[in-house]
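Asker: Take a look at the following structure, please.
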Amino acid sequence: MEDCLAKKMEITVSEAEKRTGRNAMNIQETYTAYLIETRAVESQSDGQCAPVESLWRRYSEFELLRSYLSVTYPHIVVPPLPEKRADFVWHKLSADNMDPDFVERRRIGLENFLLRVASHPVLCQDKIFYSFLTQEGGWKEMVNETGFQLKADSRLKALNATFRVKNPDKRFTELKHYSDELQSVISHLLRVRARVADRLYGVYKVHGNYGRVFSEWSAIEKEMGDGLQSAGHHMDVYAASIDDILEEEEHYADQLKEYLFYAEALRAVCRKHELMQYDLEMAAQDLTSKKQQCEELATGTVRTFSLKGMTSKLFGQETPEQREAKIKVLEEQIQEGEEQLKSKNLEGRDFVKSAWADIERFKEQKNHDLKEALISYAVMQISMCKKGIQVWTNAKECFSKM
């Protein structure tokens with residue numbers, strides 16, 4: 001971790017800007033661009049700071065970067081991007097992806113994504129990631145030259161592997177179930193949080209009504225007027241503070257959403273392992289079939305019914321020379337298949353070893369982050385309750401002085 005990019009470079013997404021341009025279909029569109037600023041952390045003690053480098057990136061470019069990382073490093077739980085469009089939104093807030101508050105939260109999420117990648121012991125060393133941070137142009141060409149899109153496994157193939165793997169690794173099966181449960185639990189937690197936020201909003205607005213009533217009442221009272229006016233003022237201040245509180249609530253919601261999306265990153269690693277296991281089993285099955293064919297040709301016996309065997313009976317047996325030639329071809333294919341199977345076995349073992357090391361790293365990070373987020377959320381709720389008690393304590397004092 002001492003050599004990770006995050007230790008050598010300060011990375012921020014400092015600004016978001018609404019722009020209008022034409023896409024690849026020459027259709028005018030409105031989009032948001034994000035300003036990435038980087039500065040090398042100098043080890044010299046001369047007191048001078050390195051200059052800040054900056055460039056603009058669209059959300060779609062962040063998506064391309066993450067797709068490239070996911071395909072290039074299939075054994076790694078690649079950090080997720082913040083949502084492109086608002087989900088699990090408390091209904092009093094805008095779900096518009098161009099809304100300034102949403103754009104600001106997404107800016108923070110994109111910065112967090114870059115910092116996650118820059119802190120990862122493997123991903124931080126990727127040259128294309130470094131180019132994404134430091135080169136205005138040319139990085140997309142570098143991505144395309146890797147041919148990563150050809151390496152990407154199709155969804156149909158992944159689905160086929162899920163149902164046809166005969167000997168799935170129990171650890172990855174359990175991990176897939178865990179990721180499904182994690183996603184389900186966090187989704188439910190976010191829905192509950194939205195309902196709590198809605199009730200909280202209602203409570204604060206009721207205090208606003210108290211403030212209005214006390215203020216109007218004070219206008220017709222002589223002796224009680226000042227006390228009622230002061231109490232109303234405390235209620236108004238309390239009601240007005242709801243906007244800042246809900247903004248802070250959304251920040252905690254975004255922290256939970258990150259791990260909602262991390263669940264899919266976990267499943268992606270599981271799917272890749274299933275594909276590798278499926279390819280391994282298919283290679284072993286093909287090798288067994290070729291060995292059987294070779295044995296049948298060598299001994300002249302057919303173990304199983306085949307169209308080839310029926311053809312031989314109808315039109316006569318092959319000549320010894322033809323049989324020898326086929327045996328030779330099969331022996332070469334068997335040798336090649338054994339080497340391929342050995343290579344796939346080795347690749348599979350390396351994948352499991354690397355993937356499990358990264359999964360353990362992810363679990364440690366998850367436990368730390370969610371613990372901090374939940375504690376901070378609890379502290380915020382306690383603080384709000386204390387503020388409510390203080391408001392009514394102040395109101396009590398105002399009433400006592402009447």
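Asker: Tell me, please, whether a residue that is in a loop (DSSP other than H, G, I, E, B), exposed (fewer than 11 other Cβ atoms within 10 Å of the Cβ), of a type in the set (D, E, K, R) and at pLDDT below 90 can be found in region 24-35.
Answerer: No, the conditions are met nowhere in region 24-35.
Asker: Which members of region 231-259 meet the condition of being under 30 Å from E174 (Cα atoms) and open to solvent by less than 10 Å² (accessible area, probe 1.4 Å)?
Answerer: A253, K257, Y259
Asker: For region 51-82, name all the residues that are assigned to a loop (DSSP other than H, G, I, E, B) and touching a residue at least 60 places away in the same chain (Cβ under 8 Å).
Answerer: P74, H75, I76, V77, V78, P79, P80, L81, P82
Asker: Would you be able to say whether some residue in region 222-242 is in contact (Cβ under 8 Å) with a residue 40 or more places away in the chain and either closer than 30 Å to E111 by Cα or touching a strand residue (DSSP E or B) at 6+ places or on another chain (Cβ under 9 Å) (or both)?
Answerer: Looking through region 222-242, at least one residue is in contact (Cβ under 8 Å) with a residue 40 or more places away in the chain and either closer than 30 Å to E111 by Cα or touching a strand residue (DSSP E or B) at 6+ places or on another chain (Cβ under 9 Å) (or both).
Asker: Related question: For the list (1) in contact with a Lys or Arg (Cβ under 8 Å, 6 or more places away or on another chain); (2) free of Cβ contacts under 8 Å to residues at least 24 places away in the same chain, I need the number of the one condition that S179 fails.
Answerer: Answer for S179: the failing condition is (2).
Asker: Within region 341-352, which residues are open to solvent by 100 Å² or more (accessible area, probe 1.4 Å) and either more than 21 Å from I76 (Cα to Cα) or not in a helix (DSSP H, G or I) (or both)?
Answerer: Residue satisfying the conditions is K342 alone.
Asker: Now a separate question. Only one of E264, E295 is without any contact (Cβ under 8 Å) to a residue 40 or more places away in the chain, acidic (D, E) and open to solvent by 50 Å² or more (accessible area, probe 1.4 Å). Can you tell me which?
Answerer: E295
Asker: Under 7 Å between Cβ atoms, which residue pairs at least 6 apart in sequence (or on different chains) link something in region 328-355 that is in contact (Cβ under 8 Å) with a residue 40 or more places away in the chain with a partner that is open to solvent by 70 Å² or more (accessible area, probe 1.4 Å) and not hydrophobic (A, V, I, L, M, F, W, C)?
Answerer: Final answer for the pair search is L330/Q293; I334/K291; G337/D286.
The values are calculated or read from the model by the stated rules, or taken from the named source; none is laboratory data. Quick caveat, the model's predicted, so the values are computed rather than measured. Methodologically, a virtual Cβ is constructed for each residue, glycine included, from the backbone with ideal geometry; neighbour enumeration extends over all protein chains shown. To get the accessible areas, we keep the full protein, side chains included, count just its heavy atoms, and leave off ligands, DNA and RNA. Shrake-Rupley method; radii C 1.70, N 1.55, O 1.52, S 1.80 Å.
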